[in-house]
Structure formats: structure tokens, C-alpha cells
Amino acid sequence: MRIAVIADIHGNVLALDAVLDDLRSRGGADITVDLGDCVSGPLWPRETMERLQALNLPTVRGNHDRRVAQDTADETMWPSDRYAQERLTAAQREALLALPLTLEIAPGVVAFHARPDHDEKYLADAIVDGQLVRAPLAAIRRRLKPLDPACRLVLCGHSHRNELIRIPGGPVIFNPGSVGCPAYDDDTPPAHVSEQGSPHARYGIVELGTDGHPSRFESIAVDYDHEAAAKQAEQAGRPEWAQALRTGFIKD
């Protein structure tokens, strides 16, 4: 089985289309999995949602999908979530809220956004000096405990950082990076940034062998018209998003 893995589109339909075009050029996949955070961001939330609904991909719910799906907005709502919420239909918001926290894609292959039991806590990351870095192995093992011991492959997103980690005696963790948001600044204590370091749209491909175990991984970075995305963010009054979209960094 050949599995394409996309995550953290964040309303960037230009990046999503570039990834889908690149995947087709590589012969496609047996299944494409969406790891959530589909529309939140000052870009094209409704267009992205329409594209994804037409594709009808197996999709898990991200923390921003849950937040966008709220019936009402208040002062605690993050600007990117509010921007998307205001542009989606009620039916589209309901569809986001109905997404599952986890999905079993194939025997022993589990997909979720952040952790198997939480959509907003990091799985393979720790915060050190305001940056996301790989967490200690013991911490990752502890966070994986809710999973069935038979799990062989974990597909996750949330951090926007490409990761491939084989847990000794446990599953392989694969994070493809972010399709549409190459860097972000989170002021939730402890404040931190995540930076992919380039404006490319990221996704991944996993091949399972005849025994069902992962046998090959590809981490792919695709060029697209990130300048158009940056200008869209500027028009929405979000210069920090424009900076991230142009460079993959929060600051020069």
C-alpha cells in the first residue's frame, strides 16, 4: 500500500493544489490521509474546504478544526480561527467538528493530528529556548501509551516539523510537515516558534510492505506561488503570516 500524507493545510489552497499536482506526477497513492488543521488561517478557508470536501479524504480533526467549528466567536478566539469561521458555512463547520480524533488507516497504521488522546499537545516535540525540538525518547514513549501495542506506524502533524522516528520496540512516527503554513509563533506559555526554514509546501509518502510494515518513506517539499499566498495574508492584515509564507521563518 502506498499512503500519501498531508497535514496542516491552514487554508492555503495554492499549496494544497501544488501538493496534489506533485502527487499525481509521482503516480498517485492508494490512499491520501489528511491529518487536520485544514482551514484556519488568513488565506482561502472556504476554497480549501470545498476542495477537501470534493476529495473526501480520510481526515482527522486538528485543534484548529475544532476551534473553527465553534458556534460563536469570543475574545479568546485566535484571529486565524475567527477568519476561517467567518468564511465557512454552518454545514462546513459542522463537518469539521464531526471529524474523528484518530483513524486506523490500515491494520497497525494510526493517524491523528497531535497525540492519540489530545488534538493540541505535541507528540514528538519539546520546547527549548522558545523553539520546538525533538522531545526525549522517554517522553515520546509516554505520550504513545494510549495506542494499541500492535500499532506499527503513527501518522501525525500539528508541529509543522517533518519528523521520522523509529521507537525502539515500538512504532515508527512520521510527520510530513505542513502543506500550507511553514512557520508559526505560538504565544501560549511557554511561548515558542516552529520554523520549517523554507516556504515550500510539504507532504509525505509511505509505502507498506507485503507484511504491512512501513518499508519506505519520502518527505517531499514542493515549490508553489508562495508570494501570492503572502500577499493574501497581507491583504487580510496578517504581516507575520506573510513573512512566514515567504521565508519559512518567523523573523529574518
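The values are calculated or read from the model by the stated rules, or taken from the named source; none is laboratory data. Bear in mind the structure is a predicted one, so any value in this text is a computation, not a measurement. Here the Cβ is made from the backbone with ideal geometry for all residues, glycine too, and neighbour counts use every protein chain on show.
Note on the range 40-101: enclosed helices (runs of 4 or more DSSP H) holding 2 or more residues that are out of contact with any Lys or Arg (no Cβ under 8 Å at 6 or more places or on another chain) and surrounded by fewer than 16 Cβ atoms within 10 Å (Cβ to Cβ) are 45-55, 90-97. The residue that is surrounded by the fewest Cβ atoms within 10 Å (Cβ to Cβ), counting only those in the range 170-207 that are hydrophobic (A, V, I, L, M, F, W, C) and touching a Pro at 6+ places or on another chain (Cβ under 6 Å), is Val172. Restricting the range 59-117 to residues that are out of contact with any strand residue (DSSP E or B) (no Cβ under 8 Å at 6 or more places or on another chain) and among the β-branched types (Val, Ile, Thr), which is modelled with the lowest pLDDT? Of everything passing the filter in the range 59-117, Thr72 is modelled with the lowest pLDDT. If the condition is being more than 29 Å from Gly237 (Cα to Cα) and of a type in the set (Lys, Arg), then the range 12-71 contributes Arg24, Arg26. Residue by residue through the range 38-60, note down the ones that are touching a residue at least 40 places away in the same chain (Cβ under 8 Å) and of a type in the set (Gly, Ala, Ser). Across the range 38-60, the qualifying residues are Ser40, Gly41. Could you list all residues from the range 118-133 that are exposed (fewer than 14 other Cβ atoms within 10 Å of the Cβ) and assigned to a loop (DSSP other than H, G, I, E, B)? Answer for the range 118-133, where residues must be exposed (fewer than 14 other Cβ atoms within 10 Å of the Cβ) and assigned to a loop (DSSP other than H, G, I, E, B): Lys121, Asp129, Gly130.
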